[in-house]
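The values are calculated or read from the model by the stated rules, or taken from the named source; none is laboratory data. Not measured: the values here are computed from a predicted model. All Cβ positions, glycine included, derive from the backbone under ideal geometry; neighbour counts span all protein chains shown. To get the accessible areas, we keep the full protein, side chains included, count just its heavy atoms, and leave off ligands, DNA and RNA. Shrake-Rupley method; radii C 1.70, N 1.55, O 1.52, S 1.80 Å.
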Amino acid sequence: MKKRTGVTIIGVFVALLLIATVLGVALVRKYTPNKEYIAPEEVVTVPEGEAYVTFWNEKYEKNALLLNGGIYLDLDTVFTYINEDFYYDEDELVLTYTTPTEIIRAYPTEAVYYSNKVRNELSHDPILTKGGVPYMSLEFAAMFSDMTYTFYEKPARVLIRTGSKEVLSLKTKKETTVRETADIKSPNLCDLKKDSVVWYVDAGTEASTKFVKVMTEDGLFGFVRKKELSETYHENYVSEYTPAVYPHILSEEDVILGWHQVTNKTANAGLEGLIKNNKQLTVVSPTWFRLVKWDEESEPESPILSLADAAYVETAKAYGLEVWGLVDNFDIADAEGFDPTENSYAVLSSTKKREALMNALVAEAIRYDLDGLNIDFEMLSLETGPHFIQFLRELSVKCRANGLVLSVDNYVPSAHAAYYDWAAQGEVVDYVVIMAYDEHYAGSEVAGSVASYKYLTTAVDNILTMVPKEQVIMAVPFYTRLWTETKENGSTKLTSAALSMVTAQTELSRNKVTPVWDEETRQYYGEYEKDGAVCKVWMEDVQSLQEKILYIRKADLAGIAAWRLGFEAPEVWSLFEKDVLAE
């Protein structure tokens with residue numbers, strides 16, 4: 001009996017030993033890391049001729065193309081993530097980039113680019129199309145952008161860094177590996193030495209809190225055990241890129257600009273009568289140039305009509321004035337079906353037509369010895385906005401090269417006109433002019449002030465959030481509107497007429513009206529009945545202008561402009577003396 005008991009005990013012991021051994025082996029197998037390796041290209045498959053893309057430590061949704069020895073990204077990606085200042089004409093297939101001194105153009109299937117029409121060789125095409133989609137080479141993009149990139153093979157990948165950035169990093173505490181998944185049984189992708197830097201991606205998977213998902217310095221994504229990594233820390237990557245700064249031709253003195261409405265050659269002779277008793281004016285801007293109708297069926301001999309006159313310039317300069325020729329986009333042939341909105345888009349969205357327009361304007365400026373150009377393009381559509389800004393970028397290069405001041409007339413800043421992009425204008429042009437009038441305009445549904453005090457002060461405050469004060473010229477009106485309200489079939493019909501200051505005052509006096517100061521608009525208001533109609537006037541005069549000019553002076557802007565010469569009462573010019581309203 002004792003013998004059998006001993007045998008039983010031994011049997012149990014052996015059984016327990018076997019179980020322990022089996023369990024030990026299982027536990028060892030369970031907790032022993034996988035030492036096998038898998039090639040990264042087997043984990044991340046990239047189609048032939050493509051490479052995956054990372055922006056810093058984030059994998060991008062689109063791949064790059066590997067073509068003709070170059071690495072290419074679609075233009076939408078370049079514009080969105082690398083450099084929004086590239087411009088592509090999808091109809092004429094022209095890629096354009098401007099610097100302060102260069103207009104750079106590139107074309108598909110040419111391994112060159114042209115800087116101010118000078119040919120420069122490249123190792124491969126700067127731009128090409130595939131499947132109807134335009135792509136830009138990273139080599140070309142990097143020449144003009146705050147961006148660096150590195151290419152690696154197996155799998156094909158491109159690491160892109162843009163600008164300066166603070167990223168979350170970690171360091172390895174010892175030699176370790178990067179695994180395919182968050183599991184020690186997962187195969188290894190690569191080894192990491194002690195103190196290797198990896199970029200934090202996220203905390204791994206919900207099923208495992210022991211791993212961190214990282215990206216290696218060469219762009220491989222995988223998992224490393226937390227215990228083998230330091231705590232995350234902020235690593236600051238500072239770009240060495242120096243952006244180009246557009247220089248500006250600015251006057252050392254206040255600009256006092258008067259627009260001179262010139263509708264025909266004969267009107268040029270009237271300049272001296274407008275300026276001979278005026279000592280405050282520094283710049284005269286005649287409305288000389290006009291964008292003409294231009295379509296594929298009727299390409300004009302010149303993109304502009306010109307009323308420029310050499311004797312006019314001589315007279316202006318004899319009085320110490322600069323001359324900034326104005327170009328507008330309102331054609332006189334409206335009755336023939338001309339649409340300034342459509343025509344402006346047709347011209348500004350075409351590389352060929354923009355080039356012709358710019359060359360014509362600069363040629364006229366040089367021919368007549370002008371000091372500058374004043375761009376007055378109104379009624380632009382939303383879709384024209386980017387093309388208008390590109391026009392100004394390119395024109396600024398040509399003006400700068402010829403010592404011409406470039407100024408642009410604008411509506412007051414508002415949400416519905418934001419596509420005029422005043423901040424972008426301020427970067428490239430010399431002066432941004434804000435036309436602080438036509439608050440109520442011909443065609444308005446209600447009568448009101450042409451330019452109330454609040455209308456101007458709001459415009460000043462808003463533009464200064466986007467454009468430096470030394471580049472802002474605020475324009476005031478020398479006119480007012482006489483509003484006439486008549487009753488027809490139970491409804492009110494509203495018409496208006498623009499009057500000069502003197503004419504408006506005469507009109508009130510003739511109708512025995514004594515205007516009353518309106519504190520809200522800070523203008524004198526007059527109202528009377530005539531021929532069954534109600535007539536209303538919000539006066540622009542010395543008092544109302546003084547209120548506006550005082551605010552402009554306190555804002556320390558570059559200057560003041562006025563529409564238009566000949567509409568002012570003579571006594572208003574004293575308000576433009578800088579010292580008069582200095583207090």
Listed by first then second residue, the pairs whose first member lies in the range 441-461 and is more than 15 Å from A498 (Cα to Cα), whose partner is buried (at least 18 other Cβ atoms within 10 Å of the Cβ) and of a type in the set (K, R), with beta carbons under 9 Å and at least 6 positions apart or on separate chains, are S452/R522; Y453/R522; Y453/K548; K454/R522; L456/K548; T457/K548
Of the listed residues (D331, D369, D339, D309), the one being open to solvent by 30 Å² or more (accessible area, probe 1.4 Å), more than 30 Å from Y107 (Cβ to Cβ), modelled with pLDDT under 95 and among the charged types (D, E, K, R) is D339
Of (1) surrounded by fewer than 18 Cβ atoms within 10 Å (Cβ to Cβ); (2) part of a loop (DSSP other than H, G, I, E, B), V262 fails just (1)
Within the range 525-541, the count of residues that are touching a residue at least 40 places away in the same chain (Cβ under 8 Å) and within 45 Å of the chain's Cα centre (by Cα) comes to 7
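Would you confirm whether any residue within the range 209-219 is part of a loop (DSSP other than H, G, I, E, B) and farther than 18 Å from N57 by Cβ? Steps first, please.
Taking the range 209-219 as the starting set, the residues that turn out to be part of a loop (DSSP other than H, G, I, E, B) are 209-210, 216-219.
Next, only the ones that are farther than 18 Å from N57 by Cβ stay: 209-210.
Within the range 209-219 (the criterion being part of a loop (DSSP other than H, G, I, E, B) and farther than 18 Å from N57 by Cβ), the answer is yes, since at least one residue qualifies.
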Here the qualifying pairs (Cβ atoms under 8 Å; residues six or more apart or on different chains; first in the range 338-349 and touching a residue at least 60 places away in the same chain (Cβ under 8 Å); second of a type in the set (V, I, T)) come out as S349/T384
Checking A424, A442, A447, A415 in turn, the sole residue that is modelled with pLDDT under 95 and open to solvent by 10 Å² or more (accessible area, probe 1.4 Å) turns out to be A442
Here the residues within the range 191-208 that are touching a Ser or Thr at 6+ places or on another chain (Cβ under 8 Å), in a strand (DSSP E or B) and without any contact (Cβ under 8 Å) to a residue 60 or more places away in the chain are D191, L192, V197, V198
Those residues of the range 24-65 that are at pLDDT below 90 and of a type outside the set (G, A, S) come to a total of 7
Counting only helices (runs of 4 or more DSSP H) entirely within the range 378-471, those with at least 1 residues that are among the basic types (K, R) are 385-401, 453-463
| said: On the basis of being assigned to a loop (DSSP other than H, G, I, E, B) and either surrounded by fewer than 16 Cβ atoms within 10 Å (Cβ to Cβ) or of a type outside the set (K, R) (or both), does N277 make the cut? | reply: yes
From the option list V238, V201, single residue qualifying as open to solvent by 60 Å² or more (accessible area, probe 1.4 Å) and either within 30 Å of V323 (Cα to Cα) or of a type in the set (A, V, I, L, M) (or both) is V238
| said: Among the residues in the range 107-121, are any within 29 Å of V397 (Cα to Cα) and acidic (D, E)? | reply: yes
Of the residues in the range 516-546 that are out of contact with any Ser or Thr (no Cβ under 9 Å at 6 or more places or on another chain) and under 16 Å from V450 (Cα atoms), the one that is surrounded by the most Cβ atoms within 10 Å (Cβ to Cβ) is L545
Filter the range 465-515 for residues that are open to solvent by 70 Å² or more (accessible area, probe 1.4 Å) and β-branched (V, I, T); the one that is nearest to the chain's Cα centre (by Cα) is T465
From the option list Y97, Y72, Y88, single residue qualifying as in contact with a helix residue (DSSP H, G or I) (Cβ under 6 Å, 6 or more places away or on another chain), assigned to a strand (DSSP E or B), surrounded by 15 or more Cβ atoms within 10 Å (Cβ to Cβ) and not acidic (D, E) is Y88
Listed by first then second residue, the pairs whose first member lies in the range 496-516 and is touching a residue at least 40 places away in the same chain (Cβ under 8 Å) and within 14 Å of V542 (Cα to Cα), whose partner is open to solvent by less than 40 Å² (accessible area, probe 1.4 Å) and small (G, A, S), with beta carbons under 6 Å and at least 6 positions apart or on separate chains, are M501/A569; V502/A569
Filtering the range 390-412 down to residues that are open to solvent by less than 10 Å² (accessible area, probe 1.4 Å) and either out of contact with any strand residue (DSSP E or B) (no Cβ under 9 Å at 6 or more places or on another chain) or within 23 Å of H440 (Cα to Cα) (or both) yields V408, D409, N410
All conditions in (1) among the hydrophobic types (A, V, I, L, M, F, W, C); (2) in contact (Cβ under 8 Å) with a residue 12 or more places away in the chain; (3) surrounded by fewer than 20 Cβ atoms within 10 Å (Cβ to Cβ) are true of V323 except (3)
Quick one: is A447 of a type in the set (A, V, I, L, M, F, W, C), more than 24 Å from A555 (Cα to Cα) and in contact with a Leu (Cβ under 7 Å, 6 or more places away or on another chain)? yes
**Message:** Against the definition (buried (at least 20 other Cβ atoms within 10 Å of the Cβ) and either in contact with a Ser or Thr (Cβ under 7 Å, 6 or more places away or on another chain) or over 22 Å from D85 (Cβ atoms) (or both)), how does L361 come out, yes or no?
**Reply:** yes
Taking the range 214-233 and the residues there that are touching a residue at least 60 places away in the same chain (Cβ under 8 Å) and aromatic (F, W, Y), the one that is most open to solvent (accessible area, probe 1.4 Å) would be Y233
Practice task
Within the range 109-121, identify whether any single residue is within 20 Å of L65 (Cβ to Cβ) and open to solvent by 70 Å² or more (accessible area, probe 1.4 Å), and answer yes or no.
Solution key: yes
